[in-house]
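The values are calculated or read from the model by the stated rules, or taken from the named source; none is laboratory data. In this text, all values refer to a predicted model and were calculated from it rather than measured experimentally. Using ideal geometry, Cβ is built from the backbone for each residue, glycine included, and neighbour counts are taken over all protein chains shown. When the accessible area is computed, the model is the full protein with side chains, heavy atoms only, and any ligands, DNA or RNA have been set aside. Shrake-Rupley method; radii C 1.70, N 1.55, O 1.52, S 1.80 Å.
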Amino acid sequence: MTQLRTVQVLGGGGAGSSAHVRSLAAGLVARGVRVTVCAPAELEHVYDFPGAGAHFAPVPGRSDPAAVGALRSVCATADLVHAHGLHAAVRAALALSGLRIPLVVTWHTRAPHGGARGQLLRLLERRSARAAEVVLGTCSELVDRARQHGARDARLAPLAAPVPPGRPGPSAALAKAGLGAADRPLVLAVGSLTPERGYTTLLDAAEWWRQLDPVPLVAIVGEGRERAALERRIAAEGLPVRLLG
């Protein structure tokens, strides 16, 4: 059997998707797959994709002809291309035009709905959904949207938030103790404090979890414009939730 060749495409390289691609690359390489990561050059220094066993091809996160042409040259010998994020998906679809190479797309976050920007993003969603053999969504809403936009195959693929390389953390026991949760369950959420992240639902759950014994502690890692509103509700209802920034 010949070695399977895959290309992982990153666009702007959000922290979550970049860390996920490194984790994914390491797992694929361990299974004998040849992995090439296409991303802006600066991401190599942060996420060390070669350290995971992947080849790295610096490609600007733009959609101009030169950038798309560079991406096409890397993808031309691949057996499968996997694009992460909406903009990377559209760029990959352009680069693969006319090539019989399957495209898998992962939508990591929900795009804004309103205004001119929201309208443009919906067009990009439709373009990437219809170009992909499979669209993977990190939440059920993204899967539904992909189907609405004409995806042939859309599936739920919830992702963990792997720790970037070179940033070892404390043991789980020490981390829980530092948060005051040594003898109780700890629920950790990671993401910016914005409406589309769905933290109001998490606070609803935290309110219900107060019936449990011991009561779980919810810790949220992230910052954003919803912080003040979340703090007010946590204080008003006495919820077992900590905003860690």
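Can you find even one residue in the stretch 76-95 that is in a helix (DSSP H, G or I), under 16 Å from Ala132 (Cβ atoms), open to solvent by 50 Å² or more (accessible area, probe 1.4 Å) and touching a residue at least 60 places away in the same chain (Cβ under 8 Å)? Walk me through how you get there before you give the answer.
Taking the stretch 76-95 first, the residues in a helix (DSSP H, G or I) are 86-95.
Pick out the ones that are also under 16 Å from Ala132 (Cβ atoms) and you get 86-95.
Okay, now just the ones that are also open to solvent by 50 Å² or more (accessible area, probe 1.4 Å), so 87, 94.
From the residues that got through so far, the ones that are touching a residue at least 60 places away in the same chain (Cβ under 8 Å) too are 87.
Looking for residues that are in a helix (DSSP H, G or I), under 16 Å from Ala132 (Cβ atoms), open to solvent by 50 Å² or more (accessible area, probe 1.4 Å) and touching a residue at least 60 places away in the same chain (Cβ under 8 Å), one finds at least one in the stretch 76-95, hence yes.
Which of (1) surrounded by 18 or more Cβ atoms within 10 Å (Cβ to Cβ); (2) free of Cβ contacts under 8 Å to residues at least 40 places away in the same chain; (3) in a helix (DSSP H, G or I) does Val21 not meet, given it meets every other one?
(2)
Find all pairs meeting these conditions: Cβ atoms under 7 angstrom apart; at least six residues apart or on different chains; first residue within the stretch 217-245 and open to solvent by less than 50 Å² (accessible area, probe 1.4 Å); second residue among the aromatic types (Phe, Trp, Tyr) and assigned to a loop (DSSP other than H, G, I, E, B).
From residues that are open to solvent by less than 50 Å² (accessible area, probe 1.4 Å), there are no pairs.
Name every residue in the stretch 216-240 that is of a type in the set (Lys, Arg) and more than 27 Å from Asp183 (Cβ to Cβ), in order of residue number. Lay out the reasoning, then the answer.
Here is the first cut: in the stretch 216-240, the residues of a type in the set (Lys, Arg) are 225, 227, 232-233.
Answer for the stretch 216-240, where residues must be of a type in the set (Lys, Arg) and more than 27 Å from Asp183 (Cβ to Cβ): Arg225, Arg227, Arg232.
Would a scan of the stretch 63-72 turn up a residue that is part of a strand (DSSP E or B), in contact (Cβ under 8 Å) with a residue 40 or more places away in the chain and either open to solvent by less than 50 Å² (accessible area, probe 1.4 Å) or closer than 12 Å to Leu10 by Cα (or both)?
Residues of the stretch 63-72 that are part of a strand (DSSP E or B), as a first pass: none.
Within the stretch 63-72 (the criterion being part of a strand (DSSP E or B), in contact (Cβ under 8 Å) with a residue 40 or more places away in the chain and either open to solvent by less than 50 Å² (accessible area, probe 1.4 Å) or closer than 12 Å to Leu10 by Cα (or both)), the answer is no, since none of the residues qualifies.
Any residue in the stretch 215-238 that is over 16 Å from the mean Cα position of the chain (by Cα), under 24 Å from Ser23 (Cβ atoms), in a loop (DSSP other than H, G, I, E, B) and modelled with pLDDT of 95 or more?
Taking every residue of the stretch 215-238 in turn, none turns out to be over 16 Å from the mean Cα position of the chain (by Cα), under 24 Å from Ser23 (Cβ atoms), in a loop (DSSP other than H, G, I, E, B) and modelled with pLDDT of 95 or more.
When only residues in the stretch 194-206 that are surrounded by fewer than 16 Cβ atoms within 10 Å (Cβ to Cβ) and more than 30 Å from Phe49 (Cα to Cα) count, which is modelled with the lowest pLDDT?
Start the filter on the stretch 194-206 by keeping residues that are surrounded by fewer than 16 Cβ atoms within 10 Å (Cβ to Cβ), which leaves 195-196, 198, 200-201, 204-205.
Those still in the list that are more than 30 Å from Phe49 (Cα to Cα) too: 195, 198, 200-201, 204-205.
On the way: Pro195: 81, Gly198: 84, Thr200: 92, Thr201: 93, Asp204: 96, Ala205: 96.
Checking each candidate, the answer is Pro195.
Quick one: what pairs do we get from the stretch 40-56, first residue without any contact (Cβ under 8 Å) to a residue 24 or more places away in the chain and of a type in the set (Phe, Trp, Tyr), second surrounded by 16 or more Cβ atoms within 10 Å (Cβ to Cβ) and in a strand (DSSP E or B), C-beta under 6 Å, 6+ apart or different chains?
If the second residue must be surrounded by 16 or more Cβ atoms within 10 Å (Cβ to Cβ) and in a strand (DSSP E or B), the pairs left are Phe56/Val37.
Looking only at the stretch 44-61, filter to residues that are under 23 Å from Ile101 (Cβ atoms) and touching a Phe, Trp or Tyr at 6+ places or on another chain (Cβ under 9 Å); which one of those is most open to solvent (accessible area, probe 1.4 Å)?
Of the residues in the stretch 44-61, the ones under 23 Å from Ile101 (Cβ atoms) are 49, 52-61.
From what is left, the residues that are touching a Phe, Trp or Tyr at 6+ places or on another chain (Cβ under 9 Å) are 49, 55-56.
On the way: Phe49: 1, His55: 82, Phe56: 39 Å².
Top of the filtered list is His55.
Please tell me if Ala92 is over 16 Å from Val21 (Cα atoms), modelled with pLDDT of 80 or more and not basic (Lys, Arg). Break it down stepwise before answering.
Numbers: over 16 Å from Val21 (Cα atoms): no; modelled with pLDDT of 80 or more: yes; not basic (Lys, Arg): yes.
No, not satisfied.
Just checking, how many residues over the stretch 101-157 are of a type in the set (Val, Ile, Thr), part of a helix (DSSP H, G or I) and open to solvent by 50 Å² or more (accessible area, probe 1.4 Å)? Give the derivation first.
Filtering the stretch 101-157 for residues of a type in the set (Val, Ile, Thr) gives 101, 104-106, 109, 134-135, 138, 143.
Then keep just the ones that are part of a helix (DSSP H, G or I); that gives 143.
Retained after the next criterion (residues that are open to solvent by 50 Å² or more (accessible area, probe 1.4 Å)): none.
Total meeting the criteria: 0.
What do you reckon, is Gly98 open to solvent by 10 Å² or more (accessible area, probe 1.4 Å), of a type in the set (Gly, Ala, Ser), at pLDDT 90 or above and on the phi > 0 side of the Ramachandran plot?
Yes, satisfied.
Can you find, within the stretch 158-193, the residue that is modelled with the lowest pLDDT among those that are closer than 13 Å to Leu244 by Cα and open to solvent by 80 Å² or more (accessible area, probe 1.4 Å)?
If we take residues in the stretch 158-193 being closer than 13 Å to Leu244 by Cα and open to solvent by 80 Å² or more (accessible area, probe 1.4 Å), then Val190 is modelled with the lowest pLDDT.
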